[in-house]
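Here's the structure, in structure tokens; my notes come after.
The values are calculated or read from the model by the stated rules, or taken from the named source; none is laboratory data. What you see is a predicted model, and the numbers here were worked out from it, not measured in a lab. Cβ: placed from backbone, ideal geometry, glycine included. Neighbour counts: every protein chain shown. When the accessible area is computed, the model is the full protein with side chains, heavy atoms only, and any ligands, DNA or RNA have been set aside. Shrake-Rupley method; radii C 1.70, N 1.55, O 1.52, S 1.80 Å.
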Amino acid sequence: QVQLVESGGGLVQAGGSLRLSCAASGRTFSSDYTMAWFRQAPGKEREFVAAISWRGDRNDYVESVKGRFTISRDNAKNTVHLQMNSLKPEDTAVYYCAADRTYYSGINYYPDYWGQGTQVTVSS
């Protein structure tokens, strides 16, 4: 099993920044997992935000966060981060960390492992 624990969420004004972190652990977790972030706003479906390959040499972002969010990972510490800059009210959502052995493949991508989520609220 794999356990994922997110941290770093909170309340921030529009234009501000937050850095989310996700700590991975578990008997079957290894650094060759793809790590990803998803988010779910009230009344909306969960959507993909960003993914990073196990080597960190490949990443993908949803169009709406490109140029503002950066995903990174530290395999020595089994952690992944999401640096969020220039935040907008429409970024308000619960953010979920996810892990899978396969890399992000598009709209039907659904990782095997999920964290509990951390709330991000951006005020206008």
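Would you confirm, using the coordinates I've provided, whether Tyr110 is assigned to a loop (DSSP other than H, G, I, E, B) and in contact (Cβ under 8 Å) with a residue 60 or more places away in the chain? So Tyr110 does not fit the description; no. Remark: pairs (first residue in the stretch 51-62, of a type in the set (Ser, Thr, Tyr); second residue open to solvent by less than 50 Å² (accessible area, probe 1.4 Å); Cβ separation under 8 Å; 6+ apart in sequence or on different chains) = Ser53/Thr34; Ser53/Tyr103; Tyr61/Val49; Tyr61/Ala50; Tyr61/Phe69; Tyr61/Ile71.
Restricting attention to the stretch 106-124, does a residue exist that is β-branched (Val, Ile, Thr) and in contact with a Pro (Cβ under 7 Å, 6 or more places away or on another chain)? Yes; the residues of the stretch 106-124 include at least one that is β-branched (Val, Ile, Thr) and in contact with a Pro (Cβ under 7 Å, 6 or more places away or on another chain).
Consider Gly16 carefully, then state whether it is assigned to a loop (DSSP other than H, G, I, E, B), surrounded by 14 or more Cβ atoms within 10 Å (Cβ to Cβ) and not polar (S, T, N, Q). Don't jump to the end; show me each part of the working.
Numbers: assigned to a loop (DSSP other than H, G, I, E, B): yes; surrounded by 14 or more Cβ atoms within 10 Å (Cβ to Cβ): yes; not polar (S, T, N, Q): yes.
In short, yes.
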